[in-house]
Amino acid sequence: MGSKTDGDDIPRYNGPDSSPMLNPTGGEARGVHIARDGDGVTGGEQGDDGDDDEDADVTGFSPPATSASTTIPPKRKRKKHKKKKTISAPKQSSPPRVPVSELFPQANYTTGELQEYDSVYTATARTTAEELRYNDRQVVQGSTFLSDYRQAAEVHRQVRYWVQQNVKPGQTLMDIAMGIDDGVRALLGNAGLEPGDSLKAGMGFPTGLSLNHGVAHYTPNPGQRDIVLQQSDVMKVDFGVHINGWIIDSAFTMAFDPMYDNLLAAAKDATNAGIQTAGIDVRICDVSAAIQEAMESYEVDIRGETFPVKAVRSLCAHDIKHYRIHGGKSIPFVKNADQTKMEEGEVFAIETFGTTGRGVLVDDEGIYGYGLSHDAPKQVTLPLVSANRLYKTIKKNFGTLVFCHRYLARLGLERYLAGLNCLERNGIVESYQPLADVKGSYSAQFEHTILLRESCKEVLSRGTDY
């Protein structure tokens, strides 16, 4: 195969040589007659036409190009511009394991839902609207209190979104509770296994998973039989998240059969009515009346039987203090004469429970959790050595936060029951039992944490779900 060459290297034909050449046999030199007559014939044959062609090219070919041959430079290859790698914003995993501090690197956590106070408060306001807005900005900018609360609320939202999308009948309550606990700790970036770590950030109280007539305060613990979630169950999911002792307390209800929809709607509507009514200088009795009116406007059909939804009488909404889930003020779900007023700067857990049962609860089997008194002594001296040792562990890891058997076992404690019973008998810790309505009834719960700011109330735990 021949090699490929450039076109200018191919030699071209230039016609016959026009220079005269002597004839070796004599006579005119070859080509002289052509030069003389111009066209190679005698003058008489063509008349005067000979002169017309005097300057013509006799060969009939163009002269060769006289320019020097040039080399065509090779084409330059275009540089391929590398596409800049776009750094995508981090997203939450499933199950949730990415700390929210990585999702919000500037710590600009989502503001809760802001609700204006009603006209009654506005009419008696002690400062102007402009002053209120200024004071609110000072609260937001000058304290970690609000940032801690908003971060804890974000953790709660992301964990509960995962629960709502992934928890299904067939799972055990232990697995569900462990999934919530692990998600909260991962999103806080704090495993809580070293002494004092759980006081920096962690669970606000044991995760509650109460089914059907079980209304509140049930959590699975080691040694109990496994309970499997059923398609016909109504499950209240109540868990808390704290950062530096500021606790988000929020709850919702899950049901897998649409026949319970009205029951869930009643509790949700009643909770929102309580939030709407709450405010600075609002009396407790007014909030209670709004809750009961909303709750008991519903009824629910279950398997062909109609039940009125009743407000539970044995539980209350409550204020939240630093490291204390129950701060001292209580808001019943039924009408009452309590003239106590809500105050500026207070944090409340506005929750409601609706039931198809009697609305009067009794203690159920087992233990939900334990809590130290807020005025517990720095140290105790009890006859049981294991009780003294356990007390130190509780103080270092939980303080006045409520804890459960599952949390003690997670710290690696064994054979602690005798010491725990000793602390309870001596009034140092208080135990909490599950609460239940009559068997065969169903109950629902919704709850939000709100902050009564000077110019508005902020529903800290509000999400797209409820």
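What follows is calculated from the coordinates using simple rules that are stated; it is not laboratory data. On a predicted model such as this, the values are computed, not experimentally measured, just so you know. Neighbour counts run over all protein chains shown; Cβ positions are idealised from the backbone, glycine included.
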Exercise. Starting at the first residue of the stretch 450-463, write each ³J(HN,Hα) from the Karplus equation 6.51 cos²θ - 1.76 cosθ + 1.60 with θ = phi - 60°, in whole Hz, x for Gly and Pro.
Key: 10, 10, 8, 7, 5, 9, 6, 9, 10, 7, 4, 8, 4, x
Exercise. Take the eigenvalues of the Cα gyration tensor for the stretch 369-432, scale each by 5, and report the square roots as semi-axes in whole Å, largest first.
Key: 15, 14, 11
Quiz item: Measuring from a point 7 Å past the Cα of Arg415 along Cα-to-C-beta, which residues in the stretch 376-403 have an amide N at less than 19 Å?
Solution: 382-394
Quiz item: With all pairs of different alpha carbon atoms counted, what Kirkwood hydrodynamic radius in Å does the stretch 417-466 show?
Solution: 15.6 Å
Quiz item: So for the stretch 342-396, what percent of the C-alpha to C-alpha distances run longer than 12 Å?
Solution: 80 percent
Quiz item: Roughly how many whole Å is it from the C-alpha centroid of the stretch 151-175 to that of the stretch 220-299?
Solution: 15 Å
Practice problem: At 4 °C and 1.567 mPa s, grab the translational diffusion coefficient of the stretch 139-215 from Stokes-Einstein with a Kirkwood Rh over Cα pairs, rounded to a whole number in µm² per second. | Solution: 92 µm²/s
Quiz item: Which whole-percent values make up P(r) of the stretch 261-300 when all C-alpha to C-alpha distances are grouped in 5 Å steps starting at zero?
Solution: 6, 29, 31, 17, 10, 5, 2, 0
Practice problem: Filter the GluC sites (Glu not before Pro) in the stretch 248-302 down to the DSSP loop ones having no more than 15 other Cβ atoms within 10 Å, then list what survives. | Solution: none
Quiz item: Seen from all sides and averaged, what is the projected area of the convex hull of the Cα atoms in the stretch 171-324, in nm²?
Solution: 11.0 nm²
Self-check item: Inter-part distance where the stretch 359-376 and the stretch 403-441 are each reduced to a Cα centre, Å
Solution: 8 Å
Quiz item: Could you give the length gained on full extension between Lys378 and Asp182, defined as 0.36 nm per residue of separation minus the Cα-Cα distance, in nm?
Solution: 67.5 nm
Practice problem: Send over the semi-axes of the stretch 214-271's equivalent ellipsoid, whole angstrom and largest first, taken as the square roots of 5 times the C-alpha gyration tensor eigenvalues. | Solution: 23, 20, 8
Self-check item: Viscosity 1.306 mPa s, 10 °C: Kirkwood-radius Stokes-Einstein D of the stretch 302-370 over Cα pairs, µm²/s
Solution: 110 µm²/s
Exercise. Rank the residues Met235, Met342, Met178, Met254 as a footprinting-exposure proxy: fewest other Cβ atoms within 10 Å of their Cβ go first.
Key: Met178, Met254, Met342, Met235
Self-check item: Using distinct alpha-carbon pairs, which all enter the 1/r mean, Kirkwood radius of the stretch 304-453 in Å
Solution: 17.8 Å
Practice problem: Kindly put Ile247, Ile325 in sequence by how many other C-beta atoms sit within 10 Å of each C-beta, fewest to most. | Solution: Ile325, Ile247
